[in-house]
């Protein structure tokens, strides 16, 4: 597996969890999902910014960690923190960051219970606890970490839950690394097997947006056909229609401009031929202009 992944994988996870928050909780924290109040929305936590379009680590910018308020039946909202780390993150750095993030969340929100989970794509396997001590002060924490490389590809392929598809895409992206041929192969596979019959529009959109990011469909070595296929699936039909209309308008304008330029060029050639006293019949043969148009230039 590629030891130094591109930032787009980190971005992909964070956007997928924000866009598919209920499905993510259902997959990663089924016990919390059981207690969740489905009549209320899962929201971001005020003061802890969620990822949003335009501030992506694809562009070398920091993407925020994910912090959610989960409505629970009969209780105040629980706080759920989600950490997503690069696969080259060292084990001790990863676990301490989750501890720090949990403390930060607890300090920011004095009410409600605080829990969380983590997605890890690195090589270490025991990244689900952290402890430290300092002259008699001891602290330790355990948390759920989902280690993507440990998942069986075939089992993920058969699991049709939305975030099983996300995990499947993530697992394949680690296998493909920077190999453009594998990235294209797996991106087509995800696109062709994520059917409209199995997922609603919202689920299909965040699954395919995730695949678009982790396989870096916009990157080098990927066919224009695949890029266009993902563009059609990850933007609304209305927006796609507007884009096509704009592109067709540009092409039509270019064609008209070229036609106008060619026509003007013919008249310029005809003027020069007349200035050299060449016969009208020769000018007609050379430029294709009508006799009346040529005589009008004289």
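The values are calculated or read from the model by the stated rules, or taken from the named source; none is laboratory data. From a predicted model like this one, the values you see are computed outputs, not experimental measurements. So basically every Cβ, Gly included, is an ideal-geometry build from the backbone, and we count neighbours across all protein chains shown.
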For residue 146, are the conditions met, namely being assigned by TED's automatic domain parsing to the domain that holds residue 117 and at pLDDT 90 or above? yes
Filtering segment 138-173 down to residues that are in contact (Cβ under 8 Å) with a residue 24 or more places away in the chain, closer than 20 Å to residue 95 by Cβ and surrounded by fewer than 17 Cβ atoms within 10 Å (Cβ to Cβ) yields 139, 141, 144, 149, 150
Which members of segment 104-137 meet the condition of being surrounded by 13 or more Cβ atoms within 10 Å (Cβ to Cβ), closer than 18 Å to residue 70 by Cα and over 26 Å from the mean Cα position of the chain (by Cα)? 104, 105, 106, 108, 109, 112, 113, 114, 115
Turns out the helices (runs of 4 or more DSSP H) fully within segment 1-119 with at least 2 residues that are in contact with a helix residue (DSSP H, G or I) (Cβ under 9 Å, 6 or more places away or on another chain) and at pLDDT below 85 are 8-19
For residue 181, state whether it is exposed (fewer than 15 other Cβ atoms within 10 Å of the Cβ), modelled with pLDDT of 90 or more, part of a helix (DSSP H, G or I) and not assigned by TED's automatic domain parsing to the domain that holds residue 114. yes
